[in-house]
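The values are calculated or read from the model by the stated rules, or taken from the named source; none is laboratory data. These numbers come from a predicted model, not from an experiment. Methodologically, a virtual Cβ is constructed for each residue, glycine included, from the backbone with ideal geometry; neighbour enumeration extends over all protein chains shown. Areas reflect the complete protein model, heavy atoms only, side chains present, ligands, DNA and RNA absent. Shrake-Rupley method; radii C 1.70, N 1.55, O 1.52, S 1.80 Å.
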Amino acid sequence: MTEHFTRNTISATFYCNKCGKPTPHRIDDRRKGPCLECIARLERQHGELVKPEVERQWSLFA
């Protein structure tokens with residue numbers, strides 16, 4: 001049976017299968033959401049892979 005939380009609940013600690021330990025999970029629409037540590041790890045990996053391209057301003061009348 002799934003636990004339900006109040007609307008004011010932001011996070012709760014659950015066991016994460018990916019991390020292999022109890023970690024804080026986000027609460028989405030009063031139900032358990034994704035692991036906050038897994039989200040942070042994925043965002044760091046994504047930031048390392050995607051580097052913003054430097055914008056160049058071309059001359060108007062070249």
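Filtered by the rule that a residue be open to solvent by 100 Å² or more (accessible area, probe 1.4 Å) and either basic (Lys, Arg) or in contact with a Lys or Arg (Cβ under 8 Å, 6 or more places away or on another chain) (or both), the range 1-59 gives Glu3, His4, Arg7, Ile10, Tyr15, Lys18, Arg31, Lys32, Arg44, Lys51, Arg56.
Output the number of residues of the range 12-43 satisfying the condition of being aliphatic (A, V, I, L, M) and either out of contact with any Pro (no Cβ under 8 Å at 6 or more places or on another chain) or on the phi > 0 side of the Ramachandran plot (or both).
Kept after step one, since they are aliphatic (A, V, I, L, M), are these residues of the range 12-43: 12, 27, 36, 39-40, 42.
Narrowing the set further to residues that are either out of contact with any Pro (no Cβ under 8 Å at 6 or more places or on another chain) or on the phi > 0 side of the Ramachandran plot (or both) leaves 27, 39-40, 42.
Of the residues in that region, 4 qualify.
Okay, residues lined up against (1) in a loop (DSSP other than H, G, I, E, B); (2) modelled with pLDDT of 95 or more; (3) among the small types (Gly, Ala, Ser):
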residue: Thr2; (1), (2), (3): yes, no, no
residue: Tyr15; (1), (2), (3): no, yes, no
residue: His25; (1), (2), (3): no, yes, no
residue: Leu42; (1), (2), (3): no, no, no
residue: Gln45; (1), (2), (3): no, no, no
residue: Arg56; (1), (2), (3): yes, no, no
